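Have a look at the structure below, then the notes.
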Amino acid sequence: MGKAPALIALLQDTDSWTQGCAAKALAERGMREAIPAIAALLGGRARQGAAEALGRLRSDAHAPDLVRLLRDQDPTVRDAAAKGMLQLGSAAAVAALDAALDRDAGLVLRLPSDDVVVRLQPIEALVRRLRDPDSTIRVRAVELLGKCADPSARKAVAGAIGDVDPNVRARVAGILSSGGDEETLTTLLRDPDC
């Protein structure tokens, strides 16, 4: 505990690597009092370390910040944000991801890991993506829903069987053919595009 003030001071260092390492070290020690100082790093070059630390500290208040970082240009930052979201695993994280998917439909294409969706299951937002005008987004929404264990996700996938795009229908066929009911499979087999 005696080293916490020194680690907190390192969050102000001019070197972003030092800042990120200090943020992660504080998180490993469970130093929740450092959350405001760590959160201040989210807009700078140490955002990767800050995202990991906030997730580890389970800072639900920063779930929207982590979701914002899922759209970062740097893939290592996106990955850190995804890991942070998974560590949160809370209703706040689900709500933040849900809202982000509604604001930015293309986010489903840029998620660094399917695990974020599988674990947090923002099913309602993914179902809304099934109505997106971009068929690429609809295909990805079907893929992600197909990985969710919730029965409503599978029902939504089955509902996409009538999509106008053959790529969407083919993805639905692939998901539903493993464990789908006989009526659904019959419908799939009659579709020349599947």
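A few remarks follow.
- Within region 79-92, the presence of a residue that is acidic (Asp, Glu) and closer than 26 Å to Asp163 by Cβ is excluded.
- When region 149-176 is filtered for residues that are charged (D, E, K, R) and either part of a helix (DSSP H, G or I) or exposed (fewer than 14 other Cβ atoms within 10 Å of the Cβ) (or both), the ones remaining, listed by number, are Asp150, Arg154, Lys155, Arg169, Arg171.
- Residues that are open to solvent by less than 50 Å² (accessible area, probe 1.4 Å) and under 16 Å from Ala50 (Cβ atoms) were ranked within region 1-12; the one that is nearest to the chain's Cα centre (by Cα) is Leu11.
- Flag if Lys147 is over 25 Å from Lys83 (Cα atoms) and either over 18 Å from the mean Cα position of the chain (by Cα) or touching a residue at least 24 places away in the same chain (Cβ under 8 Å) (or both): no
- Filtered residues of region 49-82 (kept if in a helix (DSSP H, G or I), open to solvent by 70 Å² or more (accessible area, probe 1.4 Å) and under 15 Å from Ala96 (Cβ atoms)): Ala61, Pro64, Arg68
- The number of residues in region 108-148 being in a helix (DSSP H, G or I) and either touching a Lys or Arg at 6+ places or on another chain (Cβ under 6 Å) or of a type outside the set (Lys, Arg) (or both) comes to 22.
- Criterion: at pLDDT below 90, open to solvent by 40 Å² or more (accessible area, probe 1.4 Å) and out of contact with any strand residue (DSSP E or B) (no Cβ under 8 Å at 6 or more places or on another chain) - qualifying residue of Leu120, Leu109, Leu86, Leu97: Leu109
- Checked across region 129-151, the condition of being under 22 Å from Pro75 (Cβ atoms) and either hydroxyl-bearing (Ser, Thr, Tyr) or modelled with pLDDT under 85 (or both) holds for at least one residue.
- Residue list for region 13-36, restricted to those being surrounded by fewer than 19 Cβ atoms within 10 Å (Cβ to Cβ) and part of a loop (DSSP other than H, G, I, E, B): Asp13, Thr14, Asp15, Arg29, Gly30
- Considering the conditions (1) touching a helix residue (DSSP H, G or I) at 6+ places or on another chain (Cβ under 6 Å); (2) more than 16 Å from Asp79 (Cβ to Cβ); (3) not hydroxyl-bearing (Ser, Thr, Tyr), Arg103 is excluded by exactly one of them, (1).
- Verdict on Ala40 being open to solvent by less than 70 Å² (accessible area, probe 1.4 Å), part of a helix (DSSP H, G or I) and not basic (Lys, Arg): no
The values are calculated or read from the model by the stated rules, or taken from the named source; none is laboratory data. Keep in mind it's a predicted model, so treat the numbers as computed, not measured. Neighbour counts run over all protein chains shown; Cβ positions are idealised from the backbone, glycine included. Accessible surface areas use protein heavy atoms only, side chains included; no ligands, DNA or RNA. Shrake-Rupley method; radii C 1.70, N 1.55, O 1.52, S 1.80 Å.
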